[in-house]
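Structure first, then comments.
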Amino acid sequence: MNKKLDCILLLDDNRTTNIFHQKVITIAECAKITLDFSDGKNALEYLHTHDDFLPDLLFIDINMPTMNAWEFLAEFEDLMEQRNECPTVILLSTTLNDEDRLRAKGVSYIKDIMTKPLSTKSINAVMQEFFPVN
């Protein structure tokens, strides 16, 4: 049995991927709500206007055209500092490269880089590792 998080945020420029990942999260029953965005700027706008919380877990596609994961995270860090919260971040990609892995290792709140698509098995593994039931 997984712990149920208050909120998971999905950020991927591919709308179909977000819909699929929402379904996987619903099947895994691991979040009360799931927010999805196809653009980092829209996600940041939403988070700035809802200043009472940050998601517990973020799944972020690394390669997006308007604002990639690294650009998003540079601005997201300001929100974390302002709210004194540090959610768990998992980066996603269809192709993993060594440069992204190395860069992610230098960021404490990035807990993993995973290949897309997510599955119930991969979601359950994330939940067990980073949000264990006490």
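Before moving on, here are some points about what is shown:
- Reachable lysines from Lys23, criterion Cα separation under 26 angstrom, eight or more residues apart if same chain: Lys3, Lys4, Lys32, Lys41, Lys111, Lys116, Lys121
- In this label model, Glu129 and Tyr46 are separated by 2.5 nm, measuring between points 7 Å along each Cα→Cβ vector.
- Database remark: amide H of Asp36 closer than 5 angstrom to the amide H of Leu10 (H placed geometrically; neighbours at sequence offset of 5 or more, or on other chains; Pro and chain starts carry no H).
- ³J(HN,Hα), Karplus 6.51/-1.76/1.60, whole Hz, each residue of the range 76-81, x for Gly, Pro: 5, 4, 4, 5, 4, 5
- In order through the range 56-73: 3J(HN,Hα) via Karplus (6.51 cos²θ - 1.76 cosθ + 1.60), integer Hz, x for Gly, Pro: 6, 9, 10, 10, 10, 5, 6, 9, 10, x, 6, 8, 6, 4, 5, 5, 4, 5
- With the largest listed first and rounded to whole Å, the semi-axes of the equivalent ellipsoid of the chain from the Cα gyration tensor are 20, 18, 16.
- For the chain, the solvent-accessible area works out to 55 Å² per residue, with a probe of 1.4 Å and every protein chain left in place.
- Amide H contacts of Met114 (H built 1.01 Å from N, in plane; Pro and chain starts excluded): Leu91, Leu92, Ser93 sit under 5 Å, all sequence-distant by 5 or more or on other chains.
- Karplus 3J(HN,Hα) series, Hz, for the range 27-42 with 6.51 cos²θ - 1.76 cosθ + 1.60 (x for Gly, Pro): 4, 6, 6, 10, 9, 5, 9, 10, 9, 10, 9, 9, 8, x, 5, 5
- Relative contact order, whole percent, for the chain stands at 28, derived from Cα pairs under 8 Å and 6 or more residues apart.
- Carbon and sulfur %, accessible surface of the range 66-120 computed with the full protein complex present, 1.4 Å: 42 percent
- For Leu58, residues with placed amide H under 5 Å, excluding near neighbours: Leu9, Thr88, Val89, Ile90
The values are calculated or read from the model by the stated rules, or taken from the named source; none is laboratory data. Fair warning: this is a prediction, and the values are worked out from it, not measured in the lab. Counting neighbours? That spans all protein chains shown, and the Cβs are built from the backbone with ideal geometry, glycine included. These area figures cover heavy atoms from the full protein model, side chains too; ligands, DNA and RNA do not enter into them. Shrake-Rupley method; radii C 1.70, N 1.55, O 1.52, S 1.80 Å.
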